[in-house]
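The values are calculated or read from the model by the stated rules, or taken from the named source; none is laboratory data. Quick caveat: nothing in here was measured; it's all calculated off a predicted structure. Positions of Cβ are backbone-derived with ideal geometry, glycine not excepted, and every protein chain shown enters the neighbour counts. Remember, those area values only see protein heavy atoms, side chains included, never the ligands or the DNA or RNA. Shrake-Rupley method; radii C 1.70, N 1.55, O 1.52, S 1.80 Å.
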Amino acid sequence: TTLLTNSLPLRTIHITGRDHDKSLWLSDQEFEENKLHKYDFKKASEADLLKRLSSWDVVTRKKAAIELAGRQTDPAAFLAKHDFTSKYKTGDYKTREGVFRLLENIQDDCRLELLCTMLMDEDPYLAKLAGKLIATIPTLPQANLDQVMRAMDAGSEGAVYTLTAKNLKFDSFQGLDRSRVWAGILAAGEIPGQVAEKFKEEDLKACAPI
């Protein structure tokens with residue numbers, strides 16, 4: 001399970017071990033920490049937790065994100081101080097997913113702009129994770145909803161996940177071009193589990209081009 005979990009985002013799996021990139025090998029310290037679960041996230045420094053947001057291990061990234069988020073009394077200042085937008089835009093998949101896990105655990109609107117940016121991530125799995133998380137926010141500020149719509153226009157499935165969420169209040173779409181909303185609903189019909197039936201009949205009538 002662990003092997004498959006960590007190989008999925010890479011779209012790569014080495015069964016035989018032949019021609020394996022030695023730069024990806026774990027250090028002795030990393031091996032011992034992961035084998036025995038010795039690492040104490042509660043006692044870790046902020047600098048070490050930030051480093052572990054980019055760990056090879058998805059569980060380590062999640063735990064580091066949870067601990068970092070739980071320490072913050074001013075999330076906006078924290079995100080600005082460490083320039084997570086740049087970390088995300090220039091990082092590899094592990095770093096970008098680590099930033100996502102951090103935003104996942106920060107309950108503040110300061111995360112929304114970067115979170116909506118992730119809808120256009122080059123990795124479709126991460127884009128969908130972002131879309132599903134944004135979909136848990138009942139009402140999006142207009143600026144962020146515009147980000148979602150631009151991502152949808154660009155073909156982001158993550159944006160469609162957000163747009164067709166059951167708990168996204170339809171009133172959020174006030175002021176938008178309803179034909180674009182309708183296009184999102186139609187696109188949702190092409191994705192398993194994201195069918196237009198999630199909208200109420202009156203909502204469909206309000207935005208359908210009829």
Candidate residues Asp48, Asp57: accessible-area rank, largest first, probe 1.4 Å: Asp48, Asp57
Solvent-accessible surface (1.4 angstrom probe) belonging to Arg150, in square angstrom, nearest 10: 140
Relative contact order computed over the range 23-123 (Cα-Cα under 8 Å; 6+ residues apart), in percent: 25
Cβ-based net charge around Val59, under 11 Å, with every Lys or Arg adding one and every Asp or Glu removing one: +4
Heavy atoms of Thr90: accessible area, 1.4 Å probe, square angstrom to 10: 120
Residue-span extension gain [Ser45 to Thr85] - 0.36 nm each, minus C-alpha spacing: 12.2 nm
Virtual spin-label span in nm between Asp92 and Thr136, 7 Å along Cα→Cβ: 2.8
